Amino acid sequence: MRHPVLRRRIVVLAASAGITLIAGVMLVQFDRVEKPEVQDSRPSIFRDFHIIKGKAEAGDAEATVILAKIYAEGKQTPQNYPEAVSWCRKAADQGIAEAQYNLGLYYDLGHAFRDTPPARFGRADEEQAAIWHGRAAEQGHADAQYMLAGMYAMGRGVERNPNEALKWYYRAAEQGHALARYNLAHRYERGRDVPQDSIEAYKWNSLAADSGLLEAAQDRDRLKRRLTQEQLVEGRKRIQEFKAKQLRDFEGRTFKTLMFMSQFSNSHS
């Protein structure tokens, strides 16, 4: 990361609230803002800066999102945060969840008020960050849901509300967000804003490990050594029930999508 001072600020801010997991995800998201990736799998037309800019100026929402990332990345054109924020806001105003999430990050980390590099970071606006993360979260954006949960948990930009925090942690976790699952495991193991439940902690650590989080696998194995055989059986049962519900939900969404496509095709045939 090119800004160690801000990195320390993020860690201290989260640690002061007793939630180191928030620090981890904020650092990950900060790195993502610093070096956002432009998807190379897109058609070559979307990898040409001038063509992308032309499309964005014509109101193409997808091109607007890409253009904002290009300005933030500073590879195809000189890095320019005011331009990145400006284009990101245009896409966010069109209701694009990814842009709303990125705009929330810009506000959270001070990019929204930053001059063109090499100027220093501007001030953060946590209230605006919460607003934009909230809009993306309502559209089902898992990263935004996780960030919003952390803001409610810590009282950043919003009044601290453990119930709202848990709601958004659950929603992100249900979409497979590894850090949201790990956060829930952390809370259940320690009884933080929820009744202490080692079996539930085992369940969420197992699910977070399935999502690829090494720390969760280590905590799962540590808990496994502490639980009785009966508790392990119950934990595995809860995991299977969660996965079965996920599968049912996925099948339901897929069926609705196919029905919509079929009706659309019939109406235009």
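FYI, it's all coordinate maths here, none of it is from the lab. Here the structure is a predicted model, which means the values were calculated and not measured.
Annotations for the structure displayed:
- Partners of K224 within straight-line reach, counting lysines whose Cα lies under 20 Å from its Cα and excluding those fewer than 8 residues away in the same chain: K203, K237, K243.
- Were the residues from E234 through T257 laid out at 0.36 nm apart, the gain over their Cα-Cα distance would be 4.8 nm.
- Long-range Cα-Cα pairs in the range 62-113 (distance over 16 Å), rounded percent: 28 percent
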